[in-house]
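Here is the structure we will look at.
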Amino acid sequence: MFQIIEYIKFLVSSTNQHGVHSPFVYDLVTKCFYDNTKHDAYSKLKAYRSALITNKNTINVTDFGSGSRVFKSNQRQISAIAKTSGTTSKRAQLLYRLVTYFKPEHTLELGTSLGIASYAMALGHSKNSITSIEGCSNIAAHTKQQFSKFQSPQITVKTGAFEAILPELDTKFYDLIFFDGHHNKEATLKYFNRLVTKAHNDSVFIFDDIHWSKDMREAWETIKTHPQVSVTIDTFFWGFVFFRKEQAKENFTIRL
């Protein structure tokens with residue numbers, strides 16, 4: 001019910017490119033968000049997801065996040081995880097377009113899961129070196145095999161809790177960070193505040209499920225007020241954060 005009410009509020013307050021007066025955001029919306037081109041890479045994304053959807057193998061999942069609203073057991077089929085928790089085809093395609101548009105070379109992902117998002121980001125730019133952190137060792141092991149099968153050497157999966165892995169990373173700055181792990185306010189703000197020091201002027205942070213709960217919405221509202229944040233875009237399911245010093249501070253709500 002919370003998400004239904006949130007979505008109604010979102011629809012009332014959101015706009016498309018015609019309500020955007022920032023050239024930077026207007027170009028992003030029109031050339032990336034609303035790009036309807038049938039990119040060749042979409043067939044690869046479909047094949048990757050199909051390999052998961054048809055996989056009936058069962059693994060034991062250790063959940064370090066806020067838990068699942070769907071699964072009642074830690075024994076889960078790969079196909080079920082892909083259908084309920086994996087990145088949707090539409091969002092994977094958007095991630096591909098975003099990486100193609102911004103061309104990041106150093107990307108960090110918090111929460112690998114089955115690697116649909118990781119694979120999309122790898123396809124988007126051949127020079128994109130991706131470090132993805134997955135807490136569950138069984139999921140990480142399966143996903144590494146999947147990356148090998150689909151020839152994605154630019155993705156490195158590190159297994160362990162975020163707080164244990166992050167201090168080990170020696171990359172000074174990240175061009176793109178995708179937060180798709182702990183969906184609660186405390187963890188989201190903790191990792192944002194830790195990783196904001198890794199942002200440069202042209203970095204983009206993407207937060208998953210910003211309207212997942214009252215807790216997550218509060219985290220998103222707090223992030224928007226951070227002094228280093230200049231532009232944010234709320235697309236309901238994802239929140240985008242930019243640090244461009246040349247931009248006037250402004251928050252956008254865009255329908256996709």
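A search for C-beta distances below 8 Å between a residue of the range 100-115 that is crowded, with 19+ Cβ neighbours inside 10 Å and any residue that is of a type in the set (Asp, Glu) and at pLDDT below 95, counting only pairs 6+ apart in sequence or on different chains, returns GLU109/ASP180; LEU110/ASP180; GLY111/ASP180; SER113/ASP180. Note on the range 11-57: residues that are touching a strand residue (DSSP E or B) at 6+ places or on another chain (Cβ under 8 Å) and within 16 Å of PHE150 (Cα to Cα) amount to 1. The selection criterion, being over 18 Å from ASP234 (Cα atoms) and modelled with pLDDT of 95 or more, does not hold for TYR34. Each residue in the range 116-143 was checked for being free of Cβ contacts under 8 Å to residues at least 40 places away in the same chain and among the small types (Gly, Ala, Ser), and 7 of them qualify. The condition of being out of contact with any Phe, Trp or Tyr (no Cβ under 7 Å at 6 or more places or on another chain), of a type in the set (Val, Ile, Thr) and at pLDDT 95 or above holds for only one of THR131, THR84, that being THR131. Of the residues making up the range 183-235, those that are assigned to a strand (DSSP E or B), closer than 27 Å to LYS172 by Cβ and among the charged types (D, E, K, R) number 2. In the range 20-39, the residues that are among the small types (Gly, Ala, Ser) reach residues that are at pLDDT below 95 with C-beta atoms within less than 8 angstrom, at least six apart or across chains, in these pairs: SER22/GLN247; SER22/ALA248. Of all residues in the range 144-162, those satisfying the criterion of being without any contact (Cβ under 8 Å) to a residue 60 or more places away in the chain and basic (Lys, Arg) are LYS144, LYS158.
For the range 116-130, the set of residues classified as of a type outside the set (Phe, Trp, Tyr) and crowded, with 21+ Cβ neighbours inside 10 Å consists of ILE116, ALA117, SER118, ALA120, MET121, ALA122, LEU123, GLY124, HIS125, ASN128, ILE130, listed by residue number. If you take the residues in the range 73-89 that are touching a residue at least 12 places away in the same chain (Cβ under 8 Å) and assigned to a helix (DSSP H, G or I), which one is surrounded by the fewest Cβ atoms within 10 Å (Cβ to Cβ)? If we take residues in the range 73-89 being touching a residue at least 12 places away in the same chain (Cβ under 8 Å) and assigned to a helix (DSSP H, G or I), then THR84 is surrounded by the fewest Cβ atoms within 10 Å (Cβ to Cβ).
Any chance the range 170-185 includes a residue that's touching a strand residue (DSSP E or B) at 6+ places or on another chain (Cβ under 6 Å) and exposed (fewer than 15 other Cβ atoms within 10 Å of the Cβ)? Yes, the range 170-185 has at least one match. Which of (1) farther than 18 Å from TYR119 by Cβ; (2) touching a helix residue (DSSP H, G or I) at 6+ places or on another chain (Cβ under 6 Å); (3) not charged (D, E, K, R) does SER132 not meet, given it meets every other one? Against the list (1) farther than 18 Å from TYR119 by Cβ; (2) touching a helix residue (DSSP H, G or I) at 6+ places or on another chain (Cβ under 6 Å); (3) not charged (D, E, K, R), SER132 comes up short only on (1). Number of residues in the range 10-52 that are in a helix (DSSP H, G or I) and either of a type in the set (Asp, Glu) or surrounded by fewer than 13 Cβ atoms within 10 Å (Cβ to Cβ) (or both) equals 10. Considering the range 90-118, the residues that are of a type in the set (Gly, Ala, Ser) and in contact with a Leu (Cβ under 7 Å, 6 or more places away or on another chain) include one that is farthest from LEU28 (Cα to Cα), namely ALA117.
The values are calculated or read from the model by the stated rules, or taken from the named source; none is laboratory data. Bear in mind that the values here come from a model prediction, so they are computed numbers and not experimental data. In this analysis, Cβ positions are derived from the backbone assuming ideal geometry, glycine residues included, and neighbour counts consider all displayed protein chains.
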